[in-house]
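Peer 1: Following this message is one structure expressed as structure tokens.
The values are calculated or read from the model by the stated rules, or taken from the named source; none is laboratory data. Just so it is clear, the structure is predicted and the values come from calculations on it, not from any experiment. Don't worry about glycine lacking a Cβ; one is built from the backbone with ideal geometry, like all the others, and counts go over all protein chains shown.
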Amino acid sequence: MTCSLVWLRDDLRVADNPALVAAVDRGEPVVVVFILDEVSPGIRPLGGATKWWLHHSLTALRDKLHRLGGELILRQGAAPDIIRSLIRETGATALYWNRRYGKPERDMDASIKEYAKASGLEAHSFQANLLFEPWTVRTGSGTPYTVFTPFWKSCINRPTPPRLPAPTPESITSPATLPDSDVLESWNLLPTNPNWALAFPVRWTVGENGAHAALERFFAGRIDRYAKGRDFPAEYSTSELSPHLRWGEISPFQIWHATDEFRRDHGNSAEISTNAAKFLAELGWREFSYHLLYHWPDLATVNFDARFNHFPWGEPDPEILEAWQQGRTGIPMVDAGMRELWQTGYMHNRVRMIAASFLIKNLLIDWRVGEAWFWDTLVDADPASNAASWQWVAGSGADAAPYFRVFNPVLQADKFDPKKEYLHRYLGEYEHPMLSGYPEPIVDLLESRNRALEAFKTLADVP
Ligand code: FAD
């Protein structure tokens, strides 16, 4: 008795899942596995908020698989060992997965493919989580793009658009005897003592259904004001798809074609087309971030612009850092953002830029310290987008904001939260600072801005 093994990773969905479709089409019984690998060299351990998401996402996926007649096998440990062991246990003769783009993950997949080949097994990998494979997007001179606009232009002007989403398999046949599975609860992915994620379910419906509901909600009104509204944190104008995309509960192909269909259904009106193009361009930033990660695998730890290697960050003052992490800097827009993050596992993009700029520029703390905090606390913590965005704000990244751009959090709040709705939403005591003991600013904004400009000026002298 043989079977096919599908190894799911960042693609926790049954719709538009080419690896799953190919395994089912092969006609043998199918074993679907997810491996929690926190031990293989180079694999970055998940942050707390993403673990919370993963727990619920696996629960939702298991339910989806059950409805199709399948089962989800859970294993914990070094993925290559577990795959080898599952091949022995199940007698699998073919392996299927969708591609990943981090270097340690790619190396691991390549070594497993080698092993499969040497053992006479089939191994098939598929494009599922990026619209454009990073190695296929090149400048005229054959180098990877380092500037977003020409990158995205070259992607969207290709003669053939991204492929259509693959259909969900009608049913999945499991082998008569399934291999053992861990019990999800034994992985302890959910926080306890304290359970800091108590309010997360108010904002999020995790899983494939939740992802599609978020997309529907986006089309049901948010998209109409996306291009302008996406900068106003009090408005719910963005899709909030990022954590769903992080775990592949929805694919960029599904989003691309649904957006295209929406545009056509609205007669390609100029307004809808502008909003739709802006939305797809943001998906483009996700693609660009992965393009960077693929070509510069150390994106989360090494300055893209080597001049920044000479910048003397120094050790952060623990009290100052804690004030930033806990939203007690005395700078309302920064604090509101950091509290949104803590309460919901998410922060609006505009406020992410403000909070990150404040840490890097006004507090002169290394962007990697902020990146690590976001990695631990964001439900959408993403190896490519988080690293690329932090480097973007620092000025050390590809196509980054210039280092002399220092967001002024007060002016930003006036401009993007004119009615102070966002501030009031996350900063209850803001209305009554004298009564509640809202902290005084931990730095003077003007002084710290000038200090940053002086410090960053030294970069101009680095060859
Ligand atoms: P929408 O505006 O609806 O955009 C649709 C999708 O496009 C998003 O879901 C996301 O996948 C992608 N996208 C949008 N903006 C960006 C961007 N600037 N860079 C890359 N992709 C983008 N995004 C993450 O997904 N994970 C992260 O870990 C992450 N860390 C960030 C850290 C900092 C310091 C900053 C400034 C930004 C970060 N972003 C990150 C990008 C952005 O803030 C989020 O993708 C966005 O806020 C998600 O909300 P949304 O789904 O409603 O976005």
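Peer 1: Any idea which residue in segment 263-276 is nearest to Pro144 (Cα to Cα), counting only those that are surrounded by 15 or more Cβ atoms within 10 Å (Cβ to Cβ) and within 16 Å of the ligand (Cβ to nearest atom)?
Peer 2: Among those residues, the one meeting the criterion is Ala276.
Peer 1: Sticking with this one: Failed condition for Leu378, given (1) of a type in the set (A, V, I, L, M); (2) touching a residue at least 60 places away in the same chain (Cβ under 8 Å); (3) over 24 Å from Phe232 (Cα atoms), with all others met?
Peer 2: Result: Leu378 passes all but (3).
Peer 1: Pairs only if they're at least six apart or on different chains, beta carbon under 6 angstrom, first in segment 282-294 and touching a residue at least 40 places away in the same chain (Cβ under 8 Å), second near the ligand (Cβ under 8 Å from one of its atoms) and not in a helix (DSSP H, G or I); list them, first residue then second.
Peer 2: Ser289/Ala384; Tyr290/Ala384; Leu293/Ala384
Peer 1: Please go through segment 175-206 and pick out each residue that is in contact with a Gly (Cβ under 8 Å, 6 or more places away or on another chain) and either among the charged types (D, E, K, R) or buried (at least 17 other Cβ atoms within 10 Å of the Cβ) (or both).
Peer 2: Hits for segment 175-206 are Ala197, Phe200, Arg203, Trp204.
Peer 1: Consider Arg225 against the criteria (1) more than 10 Å from the ligand (Cβ to nearest atom); (2) more than 22 Å from Glu287 (Cβ to Cβ); (3) part of a loop (DSSP other than H, G, I, E, B): it satisfies all of them except one. Which criterion is unmet?
Peer 2: Of (1) more than 10 Å from the ligand (Cβ to nearest atom); (2) more than 22 Å from Glu287 (Cβ to Cβ); (3) part of a loop (DSSP other than H, G, I, E, B), only one is false for Arg225: (3).
Peer 1: Identify all residues within segment 119-145 that are part of a loop (DSSP other than H, G, I, E, B) and under 20 Å from the mean Cα position of the chain (by Cα); write none if there are none.
Peer 2: Across segment 119-145, the qualifying residues are Gln127, Ala128, Asn129, Leu130, Leu131, Phe132, Glu133.
Peer 1: For segment 343-353, how many residues are more than 9 Å from the ligand (Cβ to nearest atom) and farther than 15 Å from Glu371 by Cα?
Peer 2: First pass over segment 343-353, keeping only residues more than 9 Å from the ligand (Cβ to nearest atom): 343-345.
Restricting the remaining residues to those that are farther than 15 Å from Glu371 by Cα gives 343-344.
Total meeting the criteria: 2.
Peer 1: Still on this structure, I have one more. Please verify whether Glu249 is away from the ligand (no atom under 11 Å from the Cβ), within 23 Å of Asp11 (Cα to Cα) and touching a helix residue (DSSP H, G or I) at 6+ places or on another chain (Cβ under 6 Å), treating the condition exactly as stated.
Peer 2: Against the criterion (away from the ligand (no atom under 11 Å from the Cβ), within 23 Å of Asp11 (Cα to Cα) and touching a helix residue (DSSP H, G or I) at 6+ places or on another chain (Cβ under 6 Å)), Glu249 qualifies.
Peer 1: Name the residues in segment 344-372 that are part of a helix (DSSP H, G or I) and β-branched (Val, Ile, Thr), would you?
Peer 2: Matches in segment 344-372: Thr344, Val351, Ile354, Ile360, Val369.
Peer 1: Exactly one of (1) modelled with pLDDT of 95 or more; (2) within 10 Å of the ligand (Cβ to nearest atom); (3) of a type outside the set (D, E, K, R) is unmet by Phe416. Its number?
Peer 2: Evaluating Phe416 over (1) modelled with pLDDT of 95 or more; (2) within 10 Å of the ligand (Cβ to nearest atom); (3) of a type outside the set (D, E, K, R) leaves (2) as the failure.
Peer 1: Which of (1) more than 15 Å from the ligand (Cβ to nearest atom); (2) within 20 Å of the chain's Cα centre (by Cα) does Arg328 not meet, given it meets every other one?
Peer 2: (2)
Peer 1: If the requirement is being over 22 Å from the mean Cα position of the chain (by Cα) and of a type in the set (A, V, I, L, M, F, W, C), which of these qualifies: Leu36, Leu61, Leu72, Leu12?
Peer 2: Unique residue meeting the criteria: Leu72.
Residue-by-condition table, conditions (1) within 16 Å of the ligand (Cβ to nearest atom); (2) within 30 Å of Lys228 (Cβ to Cβ); (3) out of contact with any Gly (no Cβ under 9 Å at 6 or more places or on another chain):
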{"position": "Leu283", "(1), (2), (3)": "yes, yes, yes"}
{"position": "Leu299", "(1), (2), (3)": "yes, no, no"}
{"position": "Glu315", "(1), (2), (3)": "no, no, yes"}
{"position": "Gly337", "(1), (2), (3)": "yes, yes, no"}
{"position": "Ala355", "(1), (2), (3)": "yes, yes, no"}
{"position": "Ile360", "(1), (2), (3)": "yes, yes, no"}
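Peer 1: Just to be sure I understand, how many residues within segment 393-405 are more than 10 Å from the ligand (Cβ to nearest atom) and touching a Ser or Thr at 6+ places or on another chain (Cβ under 6 Å)?
Peer 2: Total satisfying the criteria: 1.
Peer 1: Can you name the residue in segment 362-392 that is in contact with a Gly (Cβ under 9 Å, 6 or more places away or on another chain) and among the polar types (S, T, N, Q) and, of all such residues, is nearest to the ligand (Cβ to nearest atom)?
Peer 2: Restricting to residues being in contact with a Gly (Cβ under 9 Å, 6 or more places away or on another chain) and among the polar types (S, T, N, Q), the top hit is Ser389.
Peer 1: In the list Thr90, Thr136, which residue meets the criterion of being among the polar types (S, T, N, Q) and touching a Cys at 6+ places or on another chain (Cβ under 6 Å)?
Peer 2: Only one candidate qualifies: Thr90.
Peer 1: Moving on. Looking at segment 409-420, I want the residues that are of a type in the set (A, V, I, L, M) and have a partner that is assigned to a helix (DSSP H, G or I) with Cβ atoms under 7 Å, at least 6 apart or on another chain. Which pairs are those?
Peer 2: Note: pairs meeting the criteria are Val410/Leu445; Ala413/Pro332; Ala413/Met333; Ala413/Leu423.
Peer 1: To continue, here is another question. Does at least one position in segment 30-42 carry a residue that is over 21 Å from Leu190 (Cβ atoms) and touching a Ser or Thr at 6+ places or on another chain (Cβ under 8 Å)?
Peer 2: Yes, segment 30-42 contains a residue that is over 21 Å from Leu190 (Cβ atoms) and touching a Ser or Thr at 6+ places or on another chain (Cβ under 8 Å).
Peer 1: Consider only pairs whose beta carbons are under 7 Å apart and that are at least six residues apart or on different chains; among these, list those whose first residue lies in segment 198-220 and is under 25 Å from Ser273 (Cβ atoms) and whose second residue is in a helix (DSSP H, G or I).
Peer 2: Going by the 7 Å Cβ cut-off, the qualifying pairs are Ala211/His244; Ala214/His244; Leu215/Ile255; Leu215/Ala258; Phe219/Phe262.
Peer 1: Can we say Val379 is under 18 Å from the mean Cα position of the chain (by Cα) and either of a type outside the set (S, T, N, Q) or part of a helix (DSSP H, G or I) (or both)? Full working, then the answer.
Peer 2: Numbers: under 18 Å from the mean Cα position of the chain (by Cα): yes; either of a type outside the set (S, T, N, Q) or part of a helix (DSSP H, G or I) (or both): yes.
Criteria met by Val379.
Peer 1: Also, quick follow-up: Pairs please, first residue from segment 144-162 and under 23 Å from Ser251 (Cβ atoms), second anywhere and of a type in the set (D, E, K, R) and surrounded by 14 or more Cβ atoms within 10 Å (Cβ to Cβ), Cβ atoms under 9 Å, 6+ apart in sequence or on different chains.
Peer 2: Tyr145/Asp399; Phe148/Asp399; Phe151/Glu287; Phe151/Asp399; Trp152/Glu287; Cys155/Glu287; Pro161/Asp260
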